[in-house]
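Any read-out appearing in this document is the output of simple, stated calculations on the displayed coordinates, not a laboratory observation. Just so it is clear, the model here is predicted, and its values are computed rather than measured. Neighbour counts run over all protein chains shown; Cβ positions are idealised from the backbone, glycine included.
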Amino acid sequence: MSDRPAPKAATAAAPPASNEAPPARRIAAQAAFEVRSIVRNGEQLLLSVLVPVGVLIALSTTRILDAVGADPQAGPRVDVATAGVLGLAIASTAFAGQAIATAFERRYGVLRQLATTPLGAGGLVLGKLIAVCAVVASQFALIFAIAAALGFSAHVSVPGVLLAGVLGTASLVSLALLMAGTLRAEATLAGANIVWVLMAGAGGILIAPPGLWGQITAILPFGALGDAMRAAVLAGTIDWPALAVMAIWAVLGVAGCRAWFSFDGR
């Protein structure tokens with residue numbers, strides 16, 4: 001029999017070491033992934049870059065704006081076109097692009113898997129919002145550069161453009177995710193494209209509609225975005241009522257996502 005004393009029993013097990021990255025790093029990684037996905041996706045690249053740039057050049061170098069009833073006193077064609085195309089770029093990336101991409105991620109089970117990781121549902125949504133803001137910033141830089149080459153001369157309110165860009169992106173991303181999280185992928189694809197065409201054509205993004213229809217679009221997110229951009233670019237001011245409309249739509253969109261968004265697309 002050994003004379004050595006028996007070892008004392010451990011009073012508590014040591015907690016396992018966690019290999020999880022901090023939340024900020026996880027969200028940043030997801031945002032970087034989302035940016036790469038947007039850039040590599042041909043359809044989203046078409047919506048995000050080629051369509052807005054093509055519309056800017058067409059509206060600035062032809063008389064299309066005169067034909068569709070744009071206010072001739074608003075400013076030179078290139079200035080009016082730039083204000084409208086900035087809003088169109090946000091609508092393309094934040095609404096149509098995100099609605100379609102998220103709907104098919106949901107259909108193929110990508111969202112269901114990501115929602116169970118340490119990233120979580122909130123991190124996923126925040127990562128998408130950051131990614132879209134980064135892409136929109138790049139779009140704005142490109143649009144202003146091309147507009148300058150075409151003779152852009154308006155005195156822009158930088159705070160007005162930034163506020164309109166952030167609130168417009170937040171409201172349209174939240175509504176895009178609400179659509180993608182409640183409808184089937186095919187329905188979202190059709191619905192997002194139809195809404196984008198209608199809003200770009202008559203929803204107040206490119207030009208301010210006259211009369212009663214203009215008053216109606218002013219309380220919708222697309223029309224409010226157009227009004228805010230025109231105020232910032234053409235008048236050099238901040239349209240606070242339009243910003244308030246977009247903020248309300250962003251809150252409503254987030255509330256709708258919290259209530260009805262489903263990560264399971266089956």
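Under the definition of Cα pairs under 8 Å and six or more residues apart, what whole-number percent is the relative contact order of the range 134-266?
Relative contact order here is 37 percent.
Along the Cα-to-Cβ line of residue 244, 7 Å from the Cα, sits a label point; which residues in the range 208-223 have backbone N less than 19 Å from it?
215-223
Listed highest first by mean packing, meaning other Cβ atoms within 10 Å per residue, what order do 27-33, 208-214 come in?
Listed from highest to lowest mean packing, they are 27-33, 208-214.
Measure nothing but the geometry: give the 0 to 90° angle between the long axis through the Cα atoms of 23-40 and the longest principal axis through the Cα atoms of the chain, rounded to 10°.
Roughly 50 degrees, rounded to the nearest 10.
When only Cα pairs under 8 Å and 6 or more residues apart are kept, what is the percent relative contact order across the chain?
26 percent
Treat the count of other C-beta atoms within 10 Å as a stand-in for reagent exposure and order 166, 135, 78 from fewest to most.
Lowest count first: 166, 78, 135.
By counting other Cβ atoms within 10 Å of each Cβ, how are 188, 93, 116, 217 ranked from fewest to most?
Placing the least packed residue first, the sequence is 116, 217, 188, 93.
Placing +1 at every Lys and Arg Cβ and -1 at every Asp and Glu Cβ, with all other atoms neutral, what dipole size does the range 23-260 have around its Cα centre, in debye to the nearest 20?
Approximately 760 debye in magnitude.
How big is the Cα convex hull of the range 80-170 in projection, averaged over all directions, in nm²?
6.4 nm²
Pick the calculated Rg/Rh (Cα atoms, Kirkwood Rh) for this structure from [x] 0.99; [y] 1.17; [z] 1.02?
Label [y] holds the value from this structure.
On C-alpha positions alone, give me the angle between the axis of helix 185-202 and the longest principal axis of the chain, in degrees, nearest 10.
Roughly 30 degrees between the two axes.
Of 247, 262, 187, which is farthest towards the positive pole of the range 151-266's charge dipole, taken about the Cα centre with +1 and -1 on the beta-carbons of Lys, Arg and Asp, Glu respectively?
Toward the positive end, the furthest listed residue is 262.
For residue 264 and residue 29, what does the FRET efficiency come to when R0 = 25 Å and r is the distance between their Cβ atoms, rounded to the nearest 0.05?
Efficiency at R0 = 25 Å is approximately 0.60.
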